[in-house]
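The values are calculated or read from the model by the stated rules, or taken from the named source; none is laboratory data. If you're wondering where the values come from, they're calculated on a predicted model, not measured in any experiment. Positions of Cβ are generated from backbone atoms using ideal geometry, with glycine treated the same way; all protein chains shown enter the neighbour counts.
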Amino acid sequence: MDYEVIIVGAGSMGMAAGYYLAKQGKSVLLIDAGDPPHTDGSHHGETRIIRHAYGEGEAYVDMALRAQALWEELHDLSDEEIFIPTGVLNIGQSHSVFMQNVIKSAKNYSLNVEKLSADEINQRWNGFHLPDSYMGCFEKDSGVLLSENVVSTYKKEACRHGAVMKVDSAVRSISILDNRVEVGVGKESFTANFLILTPGAGTRQILSLIDLELPLQEVRKTFSWFEADECTYHSRNFPAFSFVLPDETYYGFPSVHEAGVKMGRHDGGQLRDMRKPPETFGSYDEDWRDVINLARQFMPQVGQHKIGKVCTYTNTPDGDFIIDRHPNHDHVVIATGFSGHGFKFSSVVGEMLSQLVTGDGQPAFDISPFSLKRFE
């Protein structure tokens, strides 16, 4: 059967793109090796942070603001919870590059961000215990996304608008023709005018089918939940947070649905062999040691470690995304390398991917910072 667009990889970015395309009346086929939402993608683990005053650089701020607007639209559309307005507290030493970028982007974009001393933070949220050398920037309008609810809602709405799902289906071949593509799945083949590749941690395997290599690294990461006093750490009265320490970076969540405080280390991790399952949580001492040390140092009221899980970051060398057309085929679009900070943008990335294959093919935002050419 012929489609206008085939999407390989129906996780957060691919499912969002499928929704926006189907909503416009395009015939769309979404193919995934699993059945999203699932635990093999980058969307599992229940929650993700969205923040606007972006420490990774101002190039992301406009996208973050558009993403926020789209999340609120999806929240109003869905019968599931999508966004919890907890606010986000970025914590670090004032001279750090990350904190300076947060302060600069907040000023340049007139964002609703409040600078707080360590003492002000400790008094406002007694779940923190920060030393005087630290400060914070509190983004009141940011908060927590329910990541698996996001993917399931995009899936439901895409199908309601006519998108076709092909799940539990590994892609065996991709042929790029002059103005068409052909994708083989099992004994079947499907053709389309456009192909969008959003395969997440499976990107290198999929790109090998079209003889394209990218400088990606798949990194095993972990995150944990801790017992927590709900009066102190509930999402009604405690923010999501990030810690930028001199040599380490962490992220964390208040207790959502009374699950306890969730924390993970953003940097570090172990390189993965994608031919094998990742090692289970606890295979390395740092899986639990790093977050326990963070809690003891800065959040001593957090209780015992409850459970840990494993996920995968697909990293680029510079930590910035890849969103671009194939260097030799304009009707093939690649979006990958979201480097552990991409989920919050999946709504706007999905919208941008849909724009790349419809109308004049120009997305609403400048994607040149995410070009493949930067790796040449």
| said: Suppose we filter the range 94-115 for residues that are over 22 Å from residue 65 (Cβ atoms) and at pLDDT 95 or above; how many remain? | reply: 0
| Filtered residues of the range 10-25 (kept if assigned to a loop (DSSP other than H, G, I, E, B) and out of contact with any helix residue (DSSP H, G or I) (no Cβ under 6 Å at 6 or more places or on another chain)) | 10, 24, 25
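For (1) under 18 Å from residue 54 (Cβ atoms); (2) not in a loop (DSSP other than H, G, I, E, B), each residue gets a yes or a no:
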{"site": "105", "(1), (2)": "yes, yes"}
{"site": "121", "(1), (2)": "no, yes"}
{"site": "128", "(1), (2)": "no, no"}
{"site": "137", "(1), (2)": "yes, yes"}
{"site": "152", "(1), (2)": "no, yes"}
| remark: Checked the range 243-277 for anything in contact with a Gly (Cβ under 8 Å, 6 or more places away or on another chain), within 16 Å of residue 315 (Cβ to Cβ) and assigned to a strand (DSSP E or B); matches are 251, 264
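Quick grid of which residues meet (1) under 18 Å from residue 40 (Cα atoms); (2) buried (at least 19 other Cβ atoms within 10 Å of the Cβ); (3) small (Gly, Ala, Ser); (4) under 24 Å from the mean Cα position of the chain (by Cα):
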{"position": "132", "(1), (2), (3), (4)": "no, no, no, no"}
{"position": "138", "(1), (2), (3), (4)": "no, yes, no, yes"}
{"position": "143", "(1), (2), (3), (4)": "no, yes, yes, yes"}
{"position": "148", "(1), (2), (3), (4)": "yes, yes, no, yes"}
{"position": "156", "(1), (2), (3), (4)": "no, no, no, yes"}
{"position": "179", "(1), (2), (3), (4)": "no, no, no, no"}
{"position": "186", "(1), (2), (3), (4)": "no, no, yes, no"}
| said: So residue 283 passes all but one of these: (1) of a type in the set (S, T, N, Q); (2) in contact (Cβ under 8 Å) with a residue 40 or more places away in the chain; (3) under 26 Å from residue 242 (Cβ atoms); (4) part of a loop (DSSP other than H, G, I, E, B). Which condition number does it fail? | reply: (2)
| task | Could you figure out which of (1) touching an Asp or Glu at 6+ places or on another chain (Cβ under 7 Å); (2) surrounded by 14 or more Cβ atoms within 10 Å (Cβ to Cβ) isn't true of residue 108? | result | (2)
| Which of the residues spanning the range 292-311 are closer than 17 Å to residue 238 by Cβ, in contact (Cβ under 8 Å) with a residue 60 or more places away in the chain and of a type in the set (A, V, I, L, M)? | 295, 299, 302
| query | Quick check, is residue 272 charged (D, E, K, R) and farther than 30 Å from residue 103 by Cα? | reply | yes
| task | Tell me which residues, restricted to the range 231-260, are in contact with a Ser or Thr (Cβ under 6 Å, 6 or more places away or on another chain) and either acidic (Asp, Glu) or touching a residue at least 60 places away in the same chain (Cβ under 8 Å) (or both). | result | 233, 235, 239, 240, 244, 251, 253, 254, 256
| query | Taking the range 66-84 as the region of interest, how many residues are in contact (Cβ under 8 Å) with a residue 12 or more places away in the chain and buried (at least 17 other Cβ atoms within 10 Å of the Cβ)? | reply | 10
| Which of the residues belonging to the range 214-238 are aliphatic (A, V, I, L, M), under 26 Å from residue 272 (Cα atoms) and assigned to a loop (DSSP other than H, G, I, E, B)? | 214, 216
| remark: In the range 193-213, residues that are touching a residue at least 40 places away in the same chain (Cβ under 8 Å) and either surrounded by 19 or more Cβ atoms within 10 Å (Cβ to Cβ) or assigned to a loop (DSSP other than H, G, I, E, B) (or both) total 13
